[in-house]
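Here's the structure we're looking at; comments come further down.
Any read-out appearing in this document is the output of simple, stated calculations on the displayed coordinates, not a laboratory observation. Just so it is clear, the model here is predicted, and its values are computed rather than measured. So basically every Cβ, Gly included, is an ideal-geometry build from the backbone, and we count neighbours across all protein chains shown.
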Amino acid sequence: MLLILQRDEVSPVTVPPILIDAFSPCKRTVILKETKQDTRNRSCKGTSMKLGMINSAWAQAGRDTAWGLHKTKEIGFDCVDIFIDPQDVDIRERRLVKDTCDQLDLPIMSVCCVAVGLIDFNPSVQRFHLQRVRDYLDLCYEYQAHNLLLVLGEYIWNREVIPPAEQWQTAVENCRRLAEYAVNLGLEIALELEPFPLSLLNDVDSMVRFVDEVDHPALKANIDVSHLLLAGVEPPELQKLQGKAIHVHISDCDGQVHGDLPPGRGVVHFEPYLAEIKKLNIDGAISLELEYSPEPDKIEEWVREAYESTDSLMKQAGLRG
């Protein structure tokens with residue numbers, strides 16, 4: 001089957017220089033240019049990591065956005081990741097997120113995006129998802145986030161109809177386009193590793209290979225601790241991501257299926273993974289990913305438990321002061 005990929009190149013975005021005020025004591029100055037910028041220069045090596053959470057935990061329990069953000073700050077989180085679709089959200093809700101976070105002094109570290117159509121074999125589907133991810137990157141810029149957390153799709157039809165190499169190359173080319181768009185906004189993209197058999201990026205080796213082939217300073221990796229366990233990744237393998245990882249997700253699981261439980265409720269031994277993460281000197285956040293609360297009316301207790309256990313683990317690992 002012949003795949004015809006349209007070269008939908010991204011036009012450079014002209015943006016005036018800005019100062020993005022990140023977490024003290026390290027403030028990062030990002031000088032945006034009309035040409036490629038090496039975003040690696042923004043790191044403040046040797047600093048502790050921040051503890052955040054993805055705000056979708058509150059929404060899945062039926063809590064409104066502002067309430068969830070207030071609770072996030074009250075419990076003690078340093079920052080927050082936002083799960084929101086810029087093509088669906090009402091303009092008032094979109095503004096509410098930024099205004100509330102500013103009022104609470106709760107920086108937005110990341111915005112989460114699932115864009116499985118980036119590796120679809122139909123050019124029209126790819127074009128739609130390229131524009132959709134650009135809209136997400138625009139939202140990241142608006143929210144003064146550090147990165148876009150991007151989830152790619154899976155190999156289609158059991159890898160039997162379309163050659164896997166073609167889907168892989170489609171992903172590489174589209175992610176390179178998006179990285180070029182991101183760098184003109186002073187942003188980075190963090191790719192998620194998914195622990196499923198047909199996921200494009202389902203182990204450390206595939207992640208390293210993908211980042212190397214895209215070969216763009218704005219395209220990096222996200223580390224998800226429970227995903228690593230489910231994928232059979234041993235902690236020392238994380239050193240392959242030296243200089244390639246910019247964000248971390250943390251949650252527990254039963255060792256068999258994707259679960260996103262508070263740390264301590266499953267079988268993940270976090271200490272070895274966190275020790276390896278510390279060696280990576282990531283200037284960013286470890287964000288709790290909590291879904292599927294068994295008792296939605298007790299979501300506050302669920303999140304607080306996860307915060308306390310993760311805070312303790314990070315302090316033991318020397319990742320949080």
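Below is a table of values for the structure above.
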{"item": "Highest average packing first - 311-321, 171-181, Cβ atoms within 10 Å", "result": "171-181, 311-321"}
{"item": "Relative contact order [Cα under 8 Å, 6+ residues apart], the range 220-298, whole percent", "result": "34 percent"}
{"item": "The range 39-316 - share of DSSP beta bridges that are antiparallel (%, nearest 5)", "result": "5 percent"}
{"item": "Ordering of 281-287, 61-67, 136-142, 233-239 by packing [mean C-beta count within 10 Å, highest first]", "result": "281-287, 136-142, 233-239, 61-67"}
{"item": "Leu149 long-range amide H proximity, modeled H, under 5 Å", "result": "Val111, Cys112, Cys113, Ala190"}
{"item": "Linear extension gain, Asp212 paired with Tyr292, 0.36 nm per residue minus alpha-carbon span", "result": "25.3 nm"}
{"item": "Residue-by-residue Karplus 3J(HN,Hα) for the range 51-66, coefficients 6.51, -1.76, 1.60, Hz, glycine and proline x", "result": "10, x, 8, 7, 6, 5, 4, 6, 4, 5, 9, x, 8, 7, 4, 4"}
{"item": "Proportion of all alpha-carbon pairs of the range 134-173 beyond 17 Å (%)", "result": "49 percent"}
{"item": "The chain: most fluctuating residue of Trp58, Trp168, Trp157 per GNM, C-alpha cutoff 10 Å", "result": "Trp157"}
{"item": "Cβ-placed point charges (K, R +1; D, E -1), dipole of the range 39-316 about Cα centre in debye, nearest 20", "result": "800 debye"}
